[in-house]
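Take a look at the structure below.
The values are calculated or read from the model by the stated rules, or taken from the named source; none is laboratory data. Computed from a predicted model, the values in this text were never measured in an experiment. Backbone-built Cβ (ideal geometry, glycine too); neighbour counts: all protein chains shown.
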Amino acid sequence: MTITTETGRLDKVIADHFPDISRSQAQKWLAAGLVTLGGKAVKGKEKVAPGDVIRLDPPKPKPLEAVPQDIPLDIIYEDDQVIVVNKPQGMVVHPAPGHPDGTLVNGLLYHTSFPGINDVLRPGIVHRIDKDTSGLLMVAKTAQAQVSLSAQLKAKTTKREYWAIVHGAFRQTSGTIDAPLARDPKDRKRQAIVPGGRHAVTHYQVLEQFPHYALIKCVLETGRTHQIRVHMASIHHPLAGDPLYGPRVTLPGAGQFLHARTLGFVHPTTGKFMEFSVEPPVLFQKTLADLRAGIDKTRRVR
């Protein structure tokens, strides 16, 4: 891979130019001598000038595989067909470049088996939530359950409610955002409202209003990547703590304050509608308690 037009600090230029490469990964490649500037191996602090040629010769990636790992899981419900798990903030759902292990799938493979499901990287995964979003996920344990749950998601008959802490004071207590989403053509790490993108609908309701923030409930009609985060930012109420779509001055935390609180679906074999709810993680609840008490810890977080 070769770059010839960017300027700035070398490790940052690499990360900005290639969204799939983090700045820390670029620094590792630089330390290993896998990056040259003008034909010479250099460190990450080097400055890139117009016309400089950067060459990257990264090592070939190891094939991804999901291996069982003894990872504690907060299982809310389980039978021979489905598992409902409360995913903690900071956990990735399945292995991917940059996150080869330590994921929810690694823990599930240690905990149970998935008869009839052949997806080796995402067995039983029918929907996902972001790494820094906490809350409920339904996982299929059998091929029959996977077909059923996937069909319910497609038919929009599942119940998915999220709680979020967002910036700003609302003029109306509820609303619907209907705006198509696609990868941001200017930044591949982000999603954006793009004409011709995938249909996306979010319904929101204000549960509590504070001077500079609000607690809202979001109900998903569709389930696009970063949907709530992009939609709320589009109406000038970005999620607190959101490192991609929110302001730098915000409530300190471990990422966006977004929690998948309620999940409902029809059981694949019994036909019974099942509904589950879990409270947000401790940091979310503590931040909410501070806001209720009039304590605003807003600061520059990045």
Requested in this report: Just name the residue that is surrounded by the fewest Cβ atoms within 10 Å (Cβ to Cβ) out of those in segment 33-57 that are without any contact (Cβ under 8 Å) to a residue 12 or more places away in the chain and on the phi < 0 side of the Ramachandran plot.
Outcome: Lys40
Report summary line: Among residues of segment 1-29 being of a type in the set (Lys, Arg) and not in a strand (DSSP E or B), the residue modelled with the lowest pLDDT is Arg23
Query raised in the report: Of everything in segment 203-228 that's in contact with a Phe, Trp or Tyr (Cβ under 9 Å, 6 or more places away or on another chain) and closer than 21 Å to Val126 by Cβ, which residue is surrounded by the fewest Cβ atoms within 10 Å (Cβ to Cβ)?
Result: Val219
Requested in this report: Tell me which residues, restricted to segment 67-87, are surrounded by 14 or more Cβ atoms within 10 Å (Cβ to Cβ), assigned to a loop (DSSP other than H, G, I, E, B) and within 19 Å of the chain's Cα centre (by Cα).
Outcome: Leu73
Query - Residue list for segment 267-302, filter: over 25 Å from the mean Cα position of the chain (by Cα) and assigned to a loop (DSSP other than H, G, I, E, B) - result: His267, Pro268, Thr269, Thr270, Gly271, Lys272, Ala293, Gly294, Ile295, Asp296
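Tell me, please, whether a residue that is outside the structural domain of His267 (by TED's automatic domain parsing), part of a loop (DSSP other than H, G, I, E, B) and within 22 Å of Arg23 (Cα to Cα) can be found in segment 92-99. Outline the logic, then answer.
Step one: list which residues in segment 92-99 are outside the structural domain of His267 (by TED's automatic domain parsing), which gives none.
No, segment 92-99 contains no residue that is outside the structural domain of His267 (by TED's automatic domain parsing), part of a loop (DSSP other than H, G, I, E, B) and within 22 Å of Arg23 (Cα to Cα).
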Requested in this report: Residue by residue through segment 148-196, note down the ones that are within 16 Å of Gly246 (Cα to Cα) and charged (D, E, K, R).
Outcome: Asp184, Asp187, Lys189, Arg190
**Report entry** Members of segment 154-200 that are of a type in the set (A, V, I, L, M, F, W, C), surrounded by 12 or more Cβ atoms within 10 Å (Cβ to Cβ) and outside any strand (DSSP E or B)
**Finding:** Ala169, Phe170, Ala179, Val194, Ala200
Query raised in the report: Within segment 262-272, can one find any residue that is in contact (Cβ under 8 Å) with a residue 24 or more places away in the chain and loosely packed, with under 13 Cβ neighbours inside 10 Å?
Result: no
Query raised in the report: With (1) at pLDDT 95 or above; (2) touching a Leu at 6+ places or on another chain (Cβ under 7 Å) as the list, and Arg190 as the residue in question, which single condition is left unmet?
Result: (1)
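Considering Lys60, Lys154, which residue is over 20 Å from Leu263 (Cβ atoms), among the basic types (Lys, Arg) and free of Cβ contacts under 8 Å to residues at least 12 places away in the same chain?
After ruling out the rest, the residue left standing is Lys60.
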